[in-house]
Amino acid sequence: MGRRTGEQTRELLLRVGMQMLLERGASAGVQHIRLQEVLRRAGLTTGAAYRLWADQDEYQRELAVTMLRTRLTDPADSARAAVDALIAQGASGGEVISAAAGAHIRSAVSPAESPGSSLEAQQFLIGLALRTTADTWPELKEAARFRHEESVGSFARFYADLMAAYGLTMKPGLTVEDFAEAMAAVGEGFAIHAMSGMQHPSYDLDGSDGLPEGEWSLFGLVVRSLVFTFMNVPADVSAPEAKRTAAAD
């Protein structure tokens, strides 16, 4: 096998660094990914790295930018996975909201316990932590903006699919992208709470005074409120549109 090119070595060391970040979680931060340790894991000598980066700080900066620009899956995949089966079973819109909100909170609190999506959940939290320091240098700010816009676009498509399934439409003057922006702000805010060790509130509601019935997380209630604020909701939204149509026929 021939010798690696400089670009291949760069890609290898960044890939190893990202793997270490995913293993250690958001609390580690790129400042704890030591270049010497990355080199040992990659089986390379010190000279291989210092031909590419002037020092460890320069490597860590590029690692942070690369982490923000790298996606393991589509941003909305875990949300889709949390509700697809429910929609197929004809679950109500409220059940779908509650389930999706619960999955998001669980992944933020315990990413390793998020079924089938632990790496995606871990990457979300690491990316969120990196974005909070995006004003450190221009390249990171640009990568943070790129990641946010990519996520909003992906979730806007997901929400549009849900709206079509349940017969919802946006209110005049508002777009599904506006809704996705609001959802991103709320979802990321609650994720930061979870990363800070704050317990997420939940409630057992009886359905009175316009509130839903059953066990709801605070995030779920906020999402439900945003849906009714941004969208025209049919009086009968107890099941997906396809099931309601079939029942009428």
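The values are calculated or read from the model by the stated rules, or taken from the named source; none is laboratory data. Please read all numbers here as calculations on a predicted model, not as lab measurements. Glycine also receives a Cβ, built like all others from the backbone with ideal geometry; neighbour counts cover every protein chain displayed. Remember, those area values only see protein heavy atoms, side chains included, never the ligands or the DNA or RNA. Shrake-Rupley method; radii C 1.70, N 1.55, O 1.52, S 1.80 Å.
Would you tally the residues in the stretch 162-176 being part of a helix (DSSP H, G or I) and buried (at least 16 other Cβ atoms within 10 Å of the Cβ)? Residues that pass the stated criteria total 5.
Of the residues making up the stretch 36-55, those that are farther than 13 Å from ARG10 by Cβ and either touching a strand residue (DSSP E or B) at 6+ places or on another chain (Cβ under 8 Å) or assigned to a helix (DSSP H, G or I) (or both) are GLN36, GLU37, ARG40, ARG41, THR46, GLY47.
Of all residues in the stretch 64-81, those that are under 14 Å from VAL152 (Cα atoms) have Cβ atoms under 9 Å from Cβ atoms of residues that are open to solvent by less than 60 Å² (accessible area, probe 1.4 Å) and of a type in the set (Val, Ile, Thr), 6 or more apart or on another chain, in PRO75/VAL152. Pairs are defined by a Cβ separation below 8 Å, a sequence spacing of at least 6 or placement on different chains, a first member in the stretch 181-199 that is touching a residue at least 60 places away in the same chain (Cβ under 8 Å), and a second member that is open to solvent by 30 Å² or more (accessible area, probe 1.4 Å) and of a type in the set (Ser, Thr, Tyr); the pairs so defined are ILE192/THR132; MET195/SER27.
For first residues located in the stretch 127-148 and closer than 22 Å to ASP178 by Cβ, partners that are assigned to a helix (DSSP H, G or I) and open to solvent by 50 Å² or more (accessible area, probe 1.4 Å) and lie 6+ apart or on another chain with Cβ distances below 6 Å form the pairs ALA144/ARG131. Residues that are among the charged types (D, E, K, R) and surrounded by fewer than 15 Cβ atoms within 10 Å (Cβ to Cβ) were ranked within the stretch 182-213; the one that is farthest from VAL109 (Cα to Cα) is ASP209.
Screening the candidates ARG157, ARG131 for the property of being open to solvent by 20 Å² or more (accessible area, probe 1.4 Å), charged (D, E, K, R) and either within 21 Å of LEU221 (Cα to Cα) or at pLDDT below 95 (or both) yields one hit, ARG131. Sort out which residues of the stretch 67-88 are among the aliphatic types (A, V, I, L, M), crowded, with 18+ Cβ neighbours inside 10 Å and assigned to a helix (DSSP H, G or I), and write them in order of number. Passing the criteria: MET67, LEU68, ALA79, ALA82, VAL83, ILE87. If you go through the stretch 1-26 and keep only what is among the small types (Gly, Ala, Ser) and more than 16 Å from GLN60 (Cβ to Cβ), you end up with GLY2, GLY6, GLY25. No other residue among ARG147, ARG106 is farther than 25 Å from PHE230 by Cα, assigned to a helix (DSSP H, G or I) and not aliphatic (A, V, I, L, M) apart from ARG106. Only one of these conditions is not met by THR45: (1) within 29 Å of ALA191 (Cβ to Cβ); (2) over 30 Å from the mean Cα position of the chain (by Cα). Which number is it? Failing condition for THR45: (1).
Within the set SER92, SER98, the sole residue that is of a type outside the set (D, E, K, R), surrounded by fewer than 18 Cβ atoms within 10 Å (Cβ to Cβ) and over 13 Å from the mean Cα position of the chain (by Cα) turns out to be SER92. In the stretch 1-33, the residue that is surrounded by the most Cβ atoms within 10 Å (Cβ to Cβ) out of those that are among the small types (Gly, Ala, Ser) and in a helix (DSSP H, G or I) is GLY17.
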